[in-house]
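As structure tokens, the structure follows; a few thoughts come after it.
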Amino acid sequence: MKNQFLINKETQEIVNTVVIRKKSDYKLDDDHELIEPNDQNIGDTYDKNYVFIPPVPPVPTYQELRKAEYPPEGGQLDVIWKQFEQMRTDGTVLLSETDAMLTKIKTVKSKYPKK
């Protein structure tokens, strides 16, 4: 993707800023041309009417911010299952589904122990 200025050939006035994904995205008539912004013209004023401002990145959502800072999901689940295992050991009656899942997890861990 490229940002480009749409210029009126006769007046050299910038009439729009255009995002080009591929050449066929934008058709020009004979009165206009596209120029590519560069380090010299980013932030400059043209004909005292137009300023090219680089695109602003999107603001992350709270979900994206949280996900970036949470520990990995595997680690979170490991802590939860260890807690359920401790509760079972302490005599707490777990939901039947939780108890069955804990048994499956323990079976797999026994089958493939840490080396």
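The table for this structure:
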quantity	calculated
Non-local Lys pairs in the stretch 62-111, i.e. 8 or more apart or on different chains, that have alpha carbons under 27 Å apart	5
For E13, residues with placed amide H under 5 Å, excluding near neighbours	N8
Local electrostatic count at T92 - Lys and Arg +1, Asp and Glu -1, tallied over other residues with Cβ under 12 Å	-2
Ellipsoid semi-axes in whole angstrom, largest first, where each is sqrt(5λ) of the Cα gyration tensor of the stretch 62-111	26, 13, 9
Full-extension gain in nm, K114 to W81, via 0.36 nm per residue minus C-alpha separation	10.2 nm
Ranked by how many other beta carbons lie within 10 Å on average, peptides 78-85, 60-67 from highest	78-85, 60-67
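Each reported figure results from applying straightforward, stated rules to the coordinates on display, with no laboratory input. Predicted, not measured: the structure shown is a model, and the values here were computed from it. Quick reminder, even Gly has a Cβ in these numbers, built from the backbone with ideal geometry, and neighbours come from all protein chains shown.
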